[in-house]
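Each remark here refers to the structure printed beneath this line.
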Amino acid sequence: NTDRLGRYSNSWYSILKVFLDYSVELYVGESTKPYDFNNPNDKLSIGILSLVSQYDNELRRLRSVMGKRNSLRIGNSFVGGTVPFGYSVKGKNLVINKEESETIKELYKMYRDGKTTMDLKSYLDNRTDFHPKRSKSGWNIGTIQKMLRSTLYKGYQTWDWKENIGGEVKVVESIKVKTPQIVSVKLWDEVQKKILLNQKHRTIGKLNVTLFDGLLFCKSCKVKLSIREKDGSKHSLYSCRSVEYKWKNPQKWSSKHSNCTLKKSLRIEETDRVLLNHVIKVIKDSKKIREDYKLRNLIPKFEDSENLRKIQNTKRKYINEKRRYVSKLEDDLVDIEFKILSNELRKDRGKKLKLKVTELISNVEEEIQGLERELTMYSKSTEWIDWINQMYLEIDSVEQLPLKKQRNFLNDYLQKVDVEYLPNSQSHRFNFEFKYPIIEDEIEIDGHDKDGRRLYHIKEGKFFSNVEVPLKTGRERLNQKDKEILHRLISKLRIEEKRSLSYICEELNQKKILTPTNKRWDKPKLSSYIKNMKVDVGK
């Protein structure tokens, strides 16, 4: 139907362009005669029909919005949609549902008295007969949190009429709707304070973003891998989130977690390094990437010599300006450091300024490298340029870029990486999905043109590749010298000074001496280690 072509005129014009580019014939309704977009009359007809359909859709939507608005203005409190938990509907008004409203009151009291949202979920799932209206697998924690924040239960809600004006969503009108009150204002306020207090104890923002964060997925569970700090270890890990989902929603995730193939987590630093090297290798081997680079970066071999000199002088001028700017930024960085040390600038503010200036320096230096590369090409315009080596140098430099730029590089080429653990070989397999078919693509020769130059085209490759990495156990043995130092220290503290196991653990951890498996010391680990020592240090 014509109203399916696009809800708005801008989307319709985008679709029309595709139709024109590919000579599409369009069948509308049950008609067996298509509209031919190479025919001006057909193109005009379908354009008019589409605009009329869009107008009709917009008019219908506007009538619906105005109907809700007028209904609320005359005092009604329900305008359709899902009936909020705690209420029933009578006519066009919300009325209190006695049984559900008592549960709402109990939830608010439980949270005020220190219960968590997980406790509230357990209460709803196991101790009430109520089921969520949109889920068959128990109550969702997000739904419970919305219920705790909703002003609906203390006697009002706000309805906003929103419209897209000039590409920006704006509120045209807001109406405050009075609703039947279920919880007291005092109880509602106490719960909000509790929510705010609990939020302050959480880490705001995602601080532990890594190179492949958001790109790695568990192959069997189909969820993104999370970043986890392992207690007592210096290694951060990528791990499957099915265990978290199982905790939140046992009915839905218990079977998935038990069948999860990613039973061993991955060390982040080693994983990032291996995966980045694989992506770089794939890109360097791709014939398509090489061809695109050549076409993008090579300039015509024959240029007017006078014009070439002007271009080279302009490039040198830009490079010198950029270098002076970098020098000024480096001076600013030193100035910020001095102000932090002399307490003229708060440390948190100084840290933000340093990050901003450092990132700016990195961006300008990258611009300089690009300009220098262009200058080299113009300077050697009468020679053949080693463009493959230029490309390799540029790709290899990715490893030295800031994290943000490395992530941008990966997102340009990589769709995702599915991960699984192979117990038989004790290794992880990484299944890469690229955005373009650049795996094992090839150059196919089509012959030669009239001037004898070779004609060729790029044959598309595959989107997928994989790499298998053996699991590192982390049991790195101490060398003999470090072992002797550790034994002497333990013997001294235990025998000579008669210190407790707790004291020795604290002493070793303060000195940043880890266990042979790179973990912090605790009483069980120290007791076990002492038993294996060949000297008597007591129990």
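The values are calculated or read from the model by the stated rules, or taken from the named source; none is laboratory data. Here the structure is a predicted model, which means the values were calculated and not measured. We place every Cβ from the backbone using ideal geometry, glycine too, and count neighbours over all the protein chains shown. When the accessible area is computed, the model is the full protein with side chains, heavy atoms only, and any ligands, DNA or RNA have been set aside. Shrake-Rupley method; radii C 1.70, N 1.55, O 1.52, S 1.80 Å.
Okay, here's what the table says:
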item	result
Residue among Val79, Val95 that is hydrophobic (A, V, I, L, M, F, W, C) and modelled with pLDDT under 90	Val79
Residue in segment 363-371 that is touching a residue at least 40 places away in the same chain (Cβ under 8 Å), open to solvent by less than 70 Å² (accessible area, probe 1.4 Å) and not β-branched (Val, Ile, Thr) present	yes
For Thr82: the one exception among (1) open to solvent by 40 Å² or more (accessible area, probe 1.4 Å); (2) in a helix (DSSP H, G or I); (3) not aliphatic (A, V, I, L, M)	(2)
Segment 427-476, residues that are hydrophobic (A, V, I, L, M, F, W, C), over 26 Å from the mean Cα position of the chain (by Cα) and exposed (fewer than 15 other Cβ atoms within 10 Å of the Cβ)	Ile443, Ile445, Leu455
Residue tally, condition touching a strand residue (DSSP E or B) at 6+ places or on another chain (Cβ under 9 Å) and without any contact (Cβ under 8 Å) to a residue 24 or more places away in the chain, over segment 44-65	1
Helices (runs of 4 or more DSSP H) lying entirely in segment 163-276 (those with 1 or more residues that are modelled with pLDDT of 80 or more, open to solvent by 40 Å² or more (accessible area, probe 1.4 Å) and not hydrophobic (A, V, I, L, M, F, W, C))	185-200
Matching residues, segment 335-365, being within 25 Å of the chain's Cα centre (by Cα) and among the acidic types (Asp, Glu)	Glu359
Scan of segment 33-79 for residues that are aliphatic (A, V, I, L, M) and open to solvent by less than 40 Å² (accessible area, probe 1.4 Å), ordered by number	Ile46, Val65, Leu72
Scan of segment 98-134 for residues that are open to solvent by 40 Å² or more (accessible area, probe 1.4 Å) and within 18 Å of Val83 (Cα to Cα), ordered by number	Lys98, Glu99, Glu102, Lys105, Asp129, Phe130, His131, Lys133, Arg134
Odd one out for Phe409 among (1) in a helix (DSSP H, G or I); (2) open to solvent by less than 60 Å² (accessible area, probe 1.4 Å); (3) over 30 Å from Asp292 (Cα atoms); (4) modelled with pLDDT of 85 or more	(3)
Where a residue in segment 442-460 is without any contact (Cβ under 8 Å) to a residue 40 or more places away in the chain and its partner, wherever it lies, is basic (Lys, Arg), with Cβ under 6 Å and at least six apart	Glu444/Lys459; His448/Arg454
Residues within segment 277-300 that are at pLDDT below 75, charged (D, E, K, R) and open to solvent by 70 Å² or more (accessible area, probe 1.4 Å), tallied	1
Long-range neighbours under 7 Å by Cβ, at least six apart or interchain, first residue over 20 Å from Val183 (Cβ atoms) within segment 129-148, second basic (Lys, Arg)	Ser137/Lys252
Residue that is nearest to the chain's Cα centre (by Cα) [pool: residues in segment 415-425 that are more than 15 Å from Thr271 (Cα to Cα) and of a type outside the set (A, V, I, L, M)]	Gln415
Residue in segment 307-321 that is modelled with pLDDT of 85 or more, β-branched (Val, Ile, Thr) and under 22 Å from Lys404 (Cβ atoms) present	no
Residue match in segment 112-125 (condition: within 16 Å of Ile182 (Cα to Cα) and modelled with pLDDT of 90 or more)	yes
Contacts under 9 angstrom Cβ, first residue in segment 423-436 being farther than 14 Å from His278 by Cα and in contact (Cβ under 8 Å) with a residue 24 or more places away in the chain, partner in a loop (DSSP other than H, G, I, E, B) and of a type in the set (Asp, Glu), 6 or more apart	Tyr436/Glu460
Strands (runs of 3 or more DSSP E) wholly inside segment 422-539 that include at least 3 residues being at pLDDT 85 or above	427-434, 442-448, 464-470
Residue ID - surrounded by the fewest Cβ atoms within 10 Å (Cβ to Cβ), chosen from residues in segment 135-150 that are closer than 15 Å to Val83 by Cα and over 27 Å from the mean Cα position of the chain (by Cα)	Ser150
